[in-house]
Amino acid sequence: MKTAQLVQTSLEFLTDRFPIEKMNVNSLVRTKEVPVHRMSWAYYLGGLALFLFLVQLVTGLMLMFYYEPTVSDAHASVERITEHIGGGALVRNLHTWSASAMIFAVVVHMLTAFAMKAFAKPREITWVSGVLLLLITFAFGFTGYLLPWHQIAVNATKVGLQSIEEAGAYLPGAMSAWPGALKELIQGEASVGQATLSRFYAIHVMVLPLAFFGVLSLHLLSVQLHGMSQGVDRPTGRTERFFPFFILKDAWLWGVVFLVLFVVALCLPFEAFFSYPLFEAYDAMGSTPDGIKPEWYFYFIYYPLELLPFWVIMLAQNAAIAVLLAAPWIFRKTSRRALGVITVAVATYLVVMTVFGQQIYEMFKGGA
Ligand code: HEM
């Protein structure tokens, strides 16, 4: 009886979220309207993230023609792409700049969707699939960082993987072995080496894109089925046709963003901001260089990890992911005003840790 009820409730939930009668071009595209109000700009962010993902896909495919995923040749192949292949430096710079831009767009998209309560019924699946896309996007960044096989990349990956294993110390009984086993599964051998590079490469160019496409299809289907959320407490009642008006503005924005990315990638190698020699190939016998850091978009977790006990961060990170996944149910009754306050607090934390993380670290560790 209980099982039958559960199946019935689940089926009702799914038919409400994926109404078959709306699965036609008319409902999905032609009659779709986008609300017009002071937060309307936020409706462009998901499309922007999607466009940047496409830039990643095209530039990533181009890089694959020349990149060699072996510990003996990876670094040299990246150097060859940058210095000897026509347009190679531009494509590589585009790939790295656009990766950062995509992370930025996805995070702002999530924050605005949260503040506008766009996760509320019937958009729970849109939200949960969005959280999965966010995690996949970060996984793209983590796996991509190792591929050039330079000193910083390999050492930072070692630190990252080590932190997975350390989590075992805080788990009870047989579970304490799980994080170590997971680390070995990802790493593929006793230390970061060829097996790790092969796995990271396969994950970066095959597993994550396939997962992204699958989850993105679900995300976009549910966005189109339910239309855009009202987003504000006092809707103006004014709307704009999605097709052709909104989508044209989307395309215009993509064009401007691509132009900016193109000029930046042409003039400014991504590495220009690093004080250490990024082109030094990894040397297993060499000393670990100073200043090993992950990419800027991991600072929000990296600096707290350096300052606070490991278990505190692990607990906070897992709790944050659980709260994000369950947000449509946890914040079901929360007002947009309160959601706005939470969003500003989270955004402030992210900005402060990303921009001033190093200073905060030095303040507490006395410049160590
Ligand atoms: C790379 C990742 C992502 C892509 C490509 C993407 C794409 C999109 C697109 C194209 C839309 C419709 C336009 C818009 O509202 O901006 C949308 C809407 C939405 N997305 Fe995402 N998204 C991504 C990540 C996320 C994340 C991380 C979340 C939240 C955890 C999220 C939650 C939502 C919600 C709730 C809506 C509906 C907005 C509304 O109805 O007002 N998305 N997404």
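None of the figures in this text is laboratory data; all of them are computed from the coordinates on show. For clarity, every value in this text was computed on a predicted model and none was experimentally measured. Methodologically, a virtual Cβ is constructed for each residue, glycine included, from the backbone with ideal geometry; neighbour enumeration extends over all protein chains shown.
To the nearest 10 degrees, how steeply does helix 310-330 sit against the main Cα axis of the chain, on a 0 to 90 scale? The angle comes out at about 20 degrees. Amide H contacts of residue 240: 34, 36, each under 5 Å away and 5 or more positions distant or on a separate chain (H built 1.01 Å from N in the peptide plane; Pro and chain starts excluded). Amide H contacts of residue 227: none lie under 5 Å away among residues 5 or more positions distant or on a separate chain (H built 1.01 Å from N in the peptide plane; Pro and chain starts excluded). Cα centroids of the range 316-337 and the range 108-155: 16 Å apart.
Pick from 141, 60, 168 the residue whose mean-square fluctuation is largest in a GNM of the chain, springs joining Cα atoms under 10 Å. The residue that fluctuates most here is 168. Taking the convex hull of the alpha carbon positions in the chain and averaging its projected area over all directions gives 22.2 nm².
If you stretched the chain out fully between residue 72 and residue 307, how much longer would it get, using 0.36 nm times the residue separation minus the C-alpha to C-alpha distance? Show your work: numbers first, answer last.
Working: separation 235, 0.36 × 235 = 84.60 nm, distance 3.57 nm.
Full extension of this stretch gives 81.0 nm more.
With contributions of -39500 (n - 2.57) from each DSSP H run of at least four residues, the per-residue ellipticity at 222 nm computed over the chain stands at -21500 deg cm²/dmol. Taking a straight Cα-Cα cut-off under 20 Å and skipping sequence neighbours fewer than 8 places away in the same chain, the aspartates and glutamates within cross-link reach of residue 365 are 290, 306. Angle of helix 208-226 to the longest C-alpha principal axis of the chain, folded into 0 to 90 degrees and rounded to 10: 20°. The relative contact order of the chain comes to 28 percent, based on Cα pairs under 8 Å that sit 6 or more residues apart.
Quick one: net charge around residue 36, please, counting Lys, Arg +1 and Asp, Glu -1 for every other residue with C-beta under 13 Å from its C-beta.
Values: positive: 38, 234, 238, 241, 249; negative: 33, 240.
Around residue 36, the surrounding residues sum to +3.
Modelled spin-label separation between residue 178 and residue 296, with each label point placed 7 Å from Cα along the Cα-to-Cβ direction: 3.6 nm. Please give the helix 178-187 orientation as an angle from the longest Cα principal axis of the chain, in degrees from 0 to 90, rounded to the nearest 10. Long axis of 178-187 versus the principal axis of the chain: about 70 degrees. Estimated at 0.36 nm per residue, the fully extended path between residue 195 and residue 33 surpasses their Cα-Cα distance by 53.3 nm.
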